[in-house]
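The values are calculated or read from the model by the stated rules, or taken from the named source; none is laboratory data. Computed from a predicted structure; not experimentally measured. With ideal geometry, Cβ positions are generated from the backbone for all residues, glycine too; neighbour counts draw on all protein chains shown. Please note that ligands, DNA and RNA were not included when accessible areas were found on the heavy atoms of the full protein model with its side chains. Shrake-Rupley method; radii C 1.70, N 1.55, O 1.52, S 1.80 Å.
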Amino acid sequence: MAGALRAALCGVAMGAAAAPPPRLHMGGDVIYQIVTDRFKDGDPGNNPAPPRFSADCQHSLLYCGGDWAGLAEVIRSGYFRDLGVTALQISVPMQNTPIVQAGHGAAYHGYWLHDMKRPEPAFGRWEDFHALVRTAHAHGLKLLIDIVINQGGPREHGQLLDDGQLLVDARHDPEGRLHPPGEADYTRDEELLYRSLYDLVDLNQHHPRINRYLREMTQLWLATGIDGLRVDTVKHVSLAWQRSWLQQVYRHRPVYAAGEWYAGRNDWLPENFRFANESGMHVLDFPVSQRVRQVFRYRERSLIDLATTMDAAAQAYRRPLDQVLFIDNHDQNRHTLSDAAEHRRLTEQALAFILTARGVPSIYYGTEHYQLGAGHAPVNRPMMASWRRDTPAFGLISRLAALRRQHPALQFGTQRTRWVTPEVYVFEREFAGSVVRVALNRDSQQAAEVPDTATA
């Protein structure tokens, strides 16, 4: 491809056919992240009773009815096949505290753990979860679950159960199964590990009884046949304990594991890279993903900044191909700012980038329909309104997901910048003779001419 290259939304040069990825590697996959309660109500019989339930989801801090039966129904409809995703990541499936807390609502999100060895009744029973795993696998989908190893429910209701039996009560904890009460000072590393997060009971993983409970719980859910774990709040749990825990996870059966080491818009945290390199699991790639949002959502950074960040992250990660890229998720504003054509176009460009760049792309539910939500939870977690297949974003995801499956360069390839300006980014992925070149032009008014980009 010598000479001039005109960069519009996304130009791709393709190479050889794909080889199957090795186990534990998801470079050829596209993850679709689902807030289970907000996706589809397949079984109204498991909806919580008032006051924890809002039938029309107008009270968005309450349960809205989504469950595993509804998700299985959408799988069977062929929606995910047509979208091109190959893995589903669902909310924490364990039983949560059955309360409504003033100002915070109910535990529809899954992060107020009550009994980690039992399924959340609002999502279904054990047989429903097993049926979901079977349905996903029958339709060629991996199933990943969100899992919590740091905390239980709100401290004022802080009982954690072990398959129905009391394990610990925050109001009476003489053995120190929990860390001391008190909200963490987020500037102090030791408090991140040993204090509460959002006034939730904080588990002492080094207590023998809690350690055993978390390991037994993990084995219980792995035994259902799931394919991976998204591990919540890993910066709040000691690295040494997580290393040991992961060794047990991988001895059970190879799965994919990615931890959430949250980072803000301008954070470049050495601890994030150390964790990814030394823990035994991958991470949600916040340093790169936040830069993608700055470039395409907020337009406060240039494409030169994005290319620089990609190069720096590739040097900082030992395994840059295995980290998860995203443009929005359940803890962030939705990427699409408005219904304006330009904002939709920027979402399409951000999607084009994560679907072709190094890493494992993750699509937040509804992004394929340009879901709006300029606010954090629960604004960014509405009920899924449509399963249409005709939006440009849906078509873009479908086409580029197919390319990932077909071309080794997009699964295993190194990435290098071929041309970059504030508005144009041309990069190349290459592996074993397979070459993919991607061109992004953020400027919707001006075409760009890129000189001398020969592959050889």
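One table, with the values for the structure above:
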{"read-out": "Candidate set: the stretch 297-313, residues that are assigned to a helix (DSSP H, G or I) and touching a Lys or Arg at 6+ places or on another chain (Cβ under 7 Å); chosen: the one surrounded by the fewest Cβ atoms within 10 Å (Cβ to Cβ)", "value": "305"}
{"read-out": "Some residue of the stretch 434-443 being closer than 30 Å to residue 56 by Cα and not aliphatic (A, V, I, L, M)", "value": "no"}
{"read-out": "In the stretch 194-203, the residues that are assigned to a loop (DSSP other than H, G, I, E, B) and open to solvent by less than 30 Å² (accessible area, probe 1.4 Å)", "value": "197"}
{"read-out": "Evaluation of residue 365 against (1) in contact with a helix residue (DSSP H, G or I) (Cβ under 7 Å, 6 or more places away or on another chain); (2) surrounded by 18 or more Cβ atoms within 10 Å (Cβ to Cβ) (one fails), failing number", "value": "(1)"}
{"read-out": "Meets criteria (β-branched (Val, Ile, Thr), in a helix (DSSP H, G or I) and under 19 Å from the mean Cα position of the chain (by Cα)) for residue 85", "value": "no"}
{"read-out": "From 58, 95, residue being open to solvent by 20 Å² or more (accessible area, probe 1.4 Å), polar (S, T, N, Q) and assigned to a loop (DSSP other than H, G, I, E, B)", "value": "58"}
{"read-out": "Among residues of the stretch 164-182, those that are in contact with a helix residue (DSSP H, G or I) (Cβ under 9 Å, 6 or more places away or on another chain) and open to solvent by 60 Å² or more (accessible area, probe 1.4 Å), counted", "value": "4"}
{"read-out": "Criterion: farther than 27 Å from residue 332 by Cα and either modelled with pLDDT of 95 or more or part of a loop (DSSP other than H, G, I, E, B) (or both) - qualifying residue of 48, 22", "value": "22"}
{"read-out": "Failed item in (1) assigned to a loop (DSSP other than H, G, I, E, B); (2) open to solvent by less than 10 Å² (accessible area, probe 1.4 Å), with residue 325 passing the rest", "value": "(1)"}
{"read-out": "Candidates 105, 66 - the one that is within 21 Å of residue 43 (Cβ to Cβ) and modelled with pLDDT of 95 or more", "value": "66"}
{"read-out": "Which listed residue is assigned to a helix (DSSP H, G or I) and open to solvent by less than 10 Å² (accessible area, probe 1.4 Å), from 107, 122, 69, 136", "value": "136"}
{"read-out": "Residues within the stretch 147-163 that are farther than 19 Å from residue 234 by Cα and surrounded by 23 or more Cβ atoms within 10 Å (Cβ to Cβ), tallied", "value": "2"}
{"read-out": "Enumeration of residues in the stretch 76-92 that are out of contact with any strand residue (DSSP E or B) (no Cβ under 8 Å at 6 or more places or on another chain) and open to solvent by less than 20 Å² (accessible area, probe 1.4 Å)", "value": "78, 79, 84"}
{"read-out": "Checking residue 210 against (1) within 30 Å of residue 440 (Cα to Cα); (2) assigned to a helix (DSSP H, G or I); (3) open to solvent by less than 40 Å² (accessible area, probe 1.4 Å), the condition it does not meet", "value": "(1)"}
{"read-out": "Failed condition for residue 421, given (1) more than 30 Å from residue 109 (Cβ to Cβ); (2) open to solvent by less than 30 Å² (accessible area, probe 1.4 Å); (3) hydroxyl-bearing (Ser, Thr, Tyr)", "value": "(2)"}
{"read-out": "Within the stretch 424-455, considering residues that are over 20 Å from residue 404 (Cα atoms) and without any contact (Cβ under 8 Å) to a residue 24 or more places away in the chain, the one most open to solvent (accessible area, probe 1.4 Å)", "value": "445"}
{"read-out": "Pairs where the first residue, in the stretch 257-275, is in contact (Cβ under 8 Å) with a residue 40 or more places away in the chain and the second is open to solvent by 40 Å² or more (accessible area, probe 1.4 Å) and part of a loop (DSSP other than H, G, I, E, B), C-beta under 7 Å, 6+ apart", "value": "none"}
{"read-out": "Of residues in the stretch 217-253 being β-branched (Val, Ile, Thr) and open to solvent by 10 Å² or more (accessible area, probe 1.4 Å), the one farthest from residue 279 (Cα to Cα)", "value": "224"}
{"read-out": "Cβ pairs under 6 Å, 6+ apart, first in the stretch 48-72 and among the acidic types (Asp, Glu), second open to solvent by 30 Å² or more (accessible area, probe 1.4 Å) and at pLDDT 95 or above", "value": "67/42; 67/43"}
